[in-house]
Amino acid sequence: MAKKYKLKTHKGTQKRISITGTGKYMKRKGHQSHLRRKKPASVKRMYSDNFPLADADKGRMKRLLPYGV
């Protein structure tokens with residue numbers, strides 16, 4: 001019988017992407033902390049939310065997070 005290998009999770013992606021209970025991939029925007037004092041409050045609030053990942057990136061996320069970590 002052939003040996004099956006475990007797939008490795010991409011740790012950088014695991015720290016940046018979260019998966020909801022319904023299977024959506026959620027991410028945060030970049031540039032959150034750089035030069036934050038001069039940004040308006042509306043922009044700072046925009047950075048505090050999670051956003052769904054684009055549908056075009058879902059195939060890549062399935063490969064980087066094979067077990068839905």
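Throughout, read-outs are computed from the coordinates displayed, never taken from laboratory work. Since the structure is predicted, the reported quantities are computational estimates derived from the model, not experimental observations. Cβ sites come from the backbone with ideal geometry, for glycine too, and all protein chains shown count toward neighbours.
Straight Cα distances below 20 angstrom link Lys11 to the aspartates and glutamates Asp57, with same-chain residues fewer than 8 positions distant left out. Ellipticity at 222 nm from helices only: DSSP H runs of n ≥ 4 in the chain, each -39500 (n - 2.57), divided by the residue count, give -7000 deg cm²/dmol. A protection proxy built from the mean count of other Cβ atoms within 10 Å ranks the segments 8-18, 27-37, most packed first, as 8-18, 27-37.
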